[in-house]
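What follows is one structure encoded as structure tokens, with my remarks underneath.
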Amino acid sequence: MDKQIASRESSATNIPAGVNGGRPLLFEGDALLAAIVESSDDAIISKDLNGIIRSWNKAAERIFGYTADEVIGKPISILAVPDCIQEMPEILARIQRGERVDHYETRRRAKDGRVLSILLSISPVRNPAGEIIGASKIARDITSNKRLRDSLEAQNRILEMIARGSGLDEVLNAICLAAEEQLPGGRCLFLLLRPETGRLHPVTGPHMPDSFWAGLSRGMEIGPVAGSCGTAAYRREPVIVCDVATDPLWAELKDVPLRAGFRAAWSRPILSDTGEVLGTFATYNTESRGPDPDEAEAINSWLHLASIAIARLRDEAALRESEGRLVARERY
């Protein structure tokens, strides 16, 4: 019965049954179409009116990480992100009414847990009698483009904050929130150097748990074996720790991130134009791993913006302090 349904779906939607699904191709034209579908850069998927997957091409496998054998016969909801799952019955209801869904931007979860930004186009599948029996979906992965677009928009907002004189804590907090949007599972933290203590002190980390703040109440010393941030400031270079439980840099401090549920710590020093250490930008992750190339690039862009903010706002504060001393002298 499944073969008959898949065959009807393929002829009605121009998606041949057997595309990566182990079913026989019936016509020579189907073989040509199968080759076209398999060479597509977009995921091409068909499903029935119950949301059960009936075909799955190579691009779908590459984008979502599942093979055809793993997903054919299973509900499309295996790709659902919890806060987007309500979309699926709504889309099927539109398909049942004979409507198309064009260029719909949403999110779906890949097999490895990554959340992808996806652009969908979905059409009704009709049998030879014109009855709607399912849906044909084209899904394009726009994660990189959306990440770049969102990053540029956020950076422009933060530059506007700097230009209008927003407080440093407010600016750094906004950078943390924007960076976390690009770092799945990551939580960001800024520490600034206090000359009077010679230590790094946390100033903002909007999603860092209370236990983490408590563990850094006295700040973090700067040295050759001082966690990720203290060591990054000492070396004046990035320090990537994939597992705080086993890395010697965290031997004396590992309880702080572990109690907060973090396993990895990636830290970068914030330097002035003259190479002076101003602080550090840290990302903590719940998984034991290092940043991938996209994440590393994103972190570097936010680090650069933070350096601009800290340098400018610090200079403005110094100027106001100098002007205050001048006014005081003139009064007396």
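For the peptides 138-147, 159-168, what is the packing order when you average, over each peptide's residues, the other Cβ atoms within 10 Å and list the highest mean first?
So the order, starting with the most tightly packed, is 138-147, 159-168.
Using only the alpha carbons of segment 103-198, what is the convex hull's orientation-averaged projected area in square nanometres?
Computed as one quarter of the Cα hull surface, the answer is 9.9 nm².
Sorting His103, His207, His201 by accessible area (1.4 Å probe), largest first, what list results?
These residues rank, largest area first, as His103, His207, His201.
Over all alpha-carbon pairs of segment 170-282, lay out the pair-distance distribution in 5 Å bins, whole %, shortest bin first.
Once binned at 5 Å, the Cα pair distances of segment 170-282 give 2, 13, 23, 27, 22, 10, 2, 0.
With N denoting the number of residues in segment 37-101, provide Rg(C-alpha) divided by 2.2 N^0.38 Å, to two decimal places.
1.13
Let me check something: with ligands and nucleic acids excluded, how do Asp294, Asp112 order by accessible area (1.4 Å probe), largest to smallest?
In descending accessible area the options line up as Asp112, Asp294.
Apply the Debye scattering formula to segment 157-232, with a single equal point scatterer on each alpha-carbon and no solvent, then give log10 I(q)/I(0) at q = 0.23, 0.26, 0.28 Å⁻¹.
-1.12, -1.21, -1.25
For Cys242, Cys229, write out the residues from largest to smallest accessible area, computed with a 1.4 angstrom probe and no ligands counted.
My answer, sorted largest first, is Cys242, Cys229.
The values are calculated or read from the model by the stated rules, or taken from the named source; none is laboratory data. Since the model is a prediction, treat every value here as computed from it, not as a measurement. Positions of Cβ are backbone-derived with ideal geometry, glycine not excepted, and every protein chain shown enters the neighbour counts. Keep in mind that these areas ignore ligands, DNA and RNA; they rest on the heavy atoms of the full protein, side chains included. Shrake-Rupley method; radii C 1.70, N 1.55, O 1.52, S 1.80 Å.
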